[in-house]
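Undergrad: Structure incoming, see below.
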Amino acid sequence: MNITIFGATGRVGNEILQRALKDGHRVKALVRTPSKLTPHENLTILEGDIREQQSVSEAIKGADAVFSAIGTDKTTTLTDAIPLIIEAMQKEEIKRIVTIGTAGILQSRTNPEEYRFQSTESKRRLTFAAEEHAKAYEQLVTTNLEWTVVCPTYLPDGKATGQWRIERNFLPEDGVEISVGDTAEFAYKELLDPQFINVRVGLAY
């Protein structure tokens, strides 16, 4: 496959990158700092800004699927980039995108009409990141793309165990955490073999 990765220098994005290269896929990664990535014969590293249409379009051209692990980091980078990614995918007639969201944008069990971050279920006082992820998700919903938003709960570093619980649009009951490794493993499998098209997937141990 030809895979375009946004957020390839981040924790989850880099795990996805390593898995894809190990399996022999061809990868394009758009990054601000190319030196953060190790060169590989199947990796095309593009230096640029994901908030700039030309850079995004160049990265997406020729892709079979797109993966986004764009973080929020107290910025609007995610919500600036998502419309550009959608536009470029539609122009290139590329359908498949998997993104990493947050458990905050899953539905609340106590108030199903609300997101978790809007309800008493969420223990986080700061909601900026969840609000950004919600805006990105809401933009994907309006498209004809085959999107999946993987929504891990608390995300400590850790290797993949291959063990997890999932639930469509909700966080699995009593889910507390999921490692970076397992989040990447699940998202990578979903990218290659779609099981949850046009749905958010809650992910936890």
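Undergrad: Run through the DSSP bridge list for the chain and note the antiparallel percent, rounded to the nearest 5. Don't skip to the end; give the middle numbers.
TA: On the way: 5 of 34 bridges.
Counting only bridges with both partners in the chain, antiparallel ones make up about 15 percent.
Undergrad: Moving on. What's the carbon and sulfur percent of the range 107-205's accessible surface, probe 1.4 angstrom, rounded to a whole number?
TA: Ligands and nucleic acids excluded, carbon and sulfur reach 49 percent.
Undergrad: On to the next question. Enumerate the amide H contacts of Arg96 below 5 Å, restricted to partners 5 or more residues apart or on another chain; note that Pro and chain-start residues carry no placed amide H.
TA: The list, which skips near neighbours in sequence, is Val66, Glu146.
Undergrad: Give a residue-ordered list of calculated ³J(HN,Hα) values for the range 61-72 (Karplus: 6.51 cos²θ - 1.76 cosθ + 1.60, θ = phi - 60°; whole Hz; x for Gly, Pro).
TA: Computed from phi, the couplings for the range 61-72 are 3, x, 7, 8, 7, 10, 10, 10, 10, 5, x, 9 Hz.
Undergrad: Hey, another quick one. So how strong a dipole does the range 121-205 carry about its Cα centre when Lys and Arg Cβ are +1 and Asp and Glu Cβ are -1, to the nearest 20 debye?
TA: Values: 9 positive and 14 negative charges, 30 e Å.
My answer is approximately 140 debye.
Undergrad: I've got another one for you. Under the rule of -39500 (n - 2.57) per DSSP H run of 4 or more residues, summed and divided by the residues of the chain, what mean residue ellipticity at 222 nm is obtained, to the nearest 500 deg cm²/dmol?
TA: Theoretical 222 nm ellipticity from helices: -9500 deg cm²/dmol.
Undergrad: Per residue, how much accessible area does the chain show when a 1.4 Å probe rolls over the protein heavy atoms, in square angstrom?
TA: Averaged over the residues of the chain, the accessible area is 50 Å².
Undergrad: Which value, in debye to the nearest 20, gives the size of the charge dipole of the chain about its Cα centre, when Lys and Arg are +1 and Asp and Glu are -1 at the Cβ?
TA: Dipole magnitude for the chain comes out near 240 debye.
Undergrad: If you don't mind, there's one more thing I want to ask. Past 23 Å, Cα to Cα, is the threshold; run Lys74/Lys123; Lys36/Lys74; Lys36/Lys95; Lys123/Lys159; Lys95/Lys189 against it and keep the listed order.
TA: Values: Lys74/Lys123 18 Å; Lys36/Lys74 21 Å; Lys36/Lys95 29 Å; Lys123/Lys159 26 Å; Lys95/Lys189 17 Å.
Too far apart for the 23 Å limit: Lys36/Lys95; Lys123/Lys159.
Undergrad: For the range 99-192, compute Rg over Rh where Rg is the Cα radius of gyration and Rh is the Kirkwood radius from the inverse mean 1/r over Cα pairs.
TA: Ratio of gyration radius to Kirkwood radius: 0.95.
Undergrad: Specify which residue in the list Tyr137, Ser108, Thr9 is farthest towards the positive end of the charge dipole of the chain, using unit charges on the beta carbon of Lys, Arg (+1) and Asp, Glu (-1), about the Cα centre.
TA: Farthest towards the positive end: Thr9.
Undergrad: In sequence order, what are the phi-derived ³J(HN,Hα) couplings for the range 155-162 according to the Karplus relation 6.51 cos²θ - 1.76 cosθ + 1.60 with θ = phi - 60°, rounded to whole Hz, with x for glycine and proline?
TA: Rounded to whole hertz, the list is 10, x, 4, x, 7, 6, 9, x.
Undergrad: How high is the relative contact order of the chain, in percent, with contacts defined as C-alpha pairs under 8 Å that are six or more residues apart? Intermediate values should be presented prior to the final figure.
TA: On the way: 432 pairs, mean separation 39.0, N = 205.
Reported relative contact order: 19 percent.
Undergrad: Continuing with the same structure: Looking only at Ser35, Ser108, Ser68, which one moves most when the chain is put into a Gaussian network model with springs between Cα atoms under 10 Å?
TA: Ser35
Undergrad: With +1 on the Cβ of every Lys and Arg and -1 on the Cβ of every Asp and Glu, and nothing else charged, how large is the dipole of the range 78-170 about its Cα centre, in debye rounded to the nearest 20?
TA: 420 debye
Undergrad: Also, quick follow-up: Does the chain come out rounded, prolate or oblate, given a ≥ b ≥ c as the square roots of the eigenvalues of its C-alpha gyration tensor, rounded meaning a/c under 1.5 and, failing that, prolate meaning a/b above b/c? Provide the component values of the computation, followed by the final result.
TA: On the way: a/c = 1.69, a/b = 1.41, b/c = 1.19.
Prolate is the answer for the chain, as a/c is 1.5 or above and a/b outweighs b/c.
Undergrad: May I ask you to work out the translational diffusion coefficient for the range 5-77 at 37 °C, viscosity 0.692 mPa s, via Stokes-Einstein with Rh from the Kirkwood sum over Cα pairs, reported in whole µm²/s? Each step should come with its number before you reach the end.
TA: Numbers: Rh = 12.4 Å.
Rounded to a whole number, D works out at 265 µm²/s.
The values are calculated or read from the model by the stated rules, or taken from the named source; none is laboratory data. Since this is a predicted model, take the numbers as computed values, not measurements. No Cβ is skipped: glycine too gets one built from the backbone with ideal geometry, and neighbour counts run over all protein chains shown. Ligands, DNA and RNA are excluded from the accessible area calculation, which covers all protein heavy atoms including side chains. Shrake-Rupley method; radii C 1.70, N 1.55, O 1.52, S 1.80 Å.
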